[in-house]
1. Looking only at strands (runs of 3 or more DSSP E) that fall completely inside region 1-99, which ones have 2 or more residues that are at pLDDT 90 or above?
2. Free of Cβ contacts under 8 Å to residues at least 40 places away in the same chain and of a type outside the set (D, E, K, R) - does that describe any residue in region 86-104?
3. Among the residues of region 65-75, is any among the acidic types (Asp, Glu) and surrounded by 12 or more Cβ atoms within 10 Å (Cβ to Cβ)?
4. If a residue must be over 21 Å from residue 87 (Cβ atoms) and in contact (Cβ under 8 Å) with a residue 24 or more places away in the chain, how many such residues does region 1-29 contain?
5. Show the residue pairs that are 6+ apart or on different chains and have beta-carbon atoms under 7 Å apart, the first residue being within region 30-52 and more than 20 Å from residue 107 (Cβ to Cβ), the second being β-branched (Val, Ile, Thr) and in a loop (DSSP other than H, G, I, E, B).
6. Taking region 65-84 on its own, how many of its residues are within 12 Å of the chain's Cα centre (by Cα) and more than 13 Å from residue 5 (Cβ to Cβ)?
7. Would you pick out the residues in region 66-85 that are free of Cβ contacts under 8 Å to residues at least 24 places away in the same chain and at positive phi?
8. Would you be able to tell me the number of residues in region 92-117 that are surrounded by fewer than 20 Cβ atoms within 10 Å (Cβ to Cβ) and touching a Phe, Trp or Tyr at 6+ places or on another chain (Cβ under 9 Å)?
Amino acid sequence: MKIYTFVKETGKHVTQFDSDFVMSRIVVTDSETRIGCMHLGTAGVIGGHVAAADQLLLIVSGKGKVSGQENEWVDVHSGDAVYWQVSEWHETRSETGMTAIVVEAEELYPGRFMNVK
């Protein structure tokens, strides 16, 4: 398990086409990719399981705790991106609620674009 950050400070300021925003790149994939949004309520849990593919959990609001194969719990909050490789056991919990985008693909390389926290 690795924890990355995808906050504004790691992005690039874009001004093309009269734009004014910061783009934080996350991943580029060549294989089939699945993207979903998970909403954990109070005492929400994504039960412990083995990753069927590389998984990247992007915390967009709230906070929680994640655990990997080492069974060590790590606090996460909005702006954090948690990466688990295929076959890695993991679990996610939130006492107060959390919303996250999950990206799953055969090969993800978040370290190419984000900094390890």
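1. 33-40, 44-50, 54-67, 73-77, 80-84, 89-94
2. Keep residues of region 86-104 that are free of Cβ contacts under 8 Å to residues at least 40 places away in the same chain, which gives 86-87.
With the extra rule that they be of a type outside the set (D, E, K, R), the set shrinks to 86-87.
Scanning region 86-104 turns up at least one residue that is free of Cβ contacts under 8 Å to residues at least 40 places away in the same chain and of a type outside the set (D, E, K, R).
3. No; the residues of region 65-75 include none that is among the acidic types (Asp, Glu) and surrounded by 12 or more Cβ atoms within 10 Å (Cβ to Cβ).
4. 8
5. 42/96
6. Step one: of region 65-84, the residues within 12 Å of the chain's Cα centre (by Cα) are 66, 76-84.
With more than 13 Å from residue 5 (Cβ to Cβ) added as a condition, the list becomes 66, 84.
Residues flagged as within 12 Å of the chain's Cα centre (by Cα) and more than 13 Å from residue 5 (Cβ to Cβ) within region 65-84 amount to 2.
7. Scanning region 66-85 gives a single hit, 71.
8. Count: 6.
The values are calculated or read from the model by the stated rules, or taken from the named source; none is laboratory data. Everything quoted here is computed from the prediction, not taken from an experiment. When we count neighbours, we look across all protein chains shown, and the Cβ atoms used for this are built from the backbone with ideal geometry, even at glycine.
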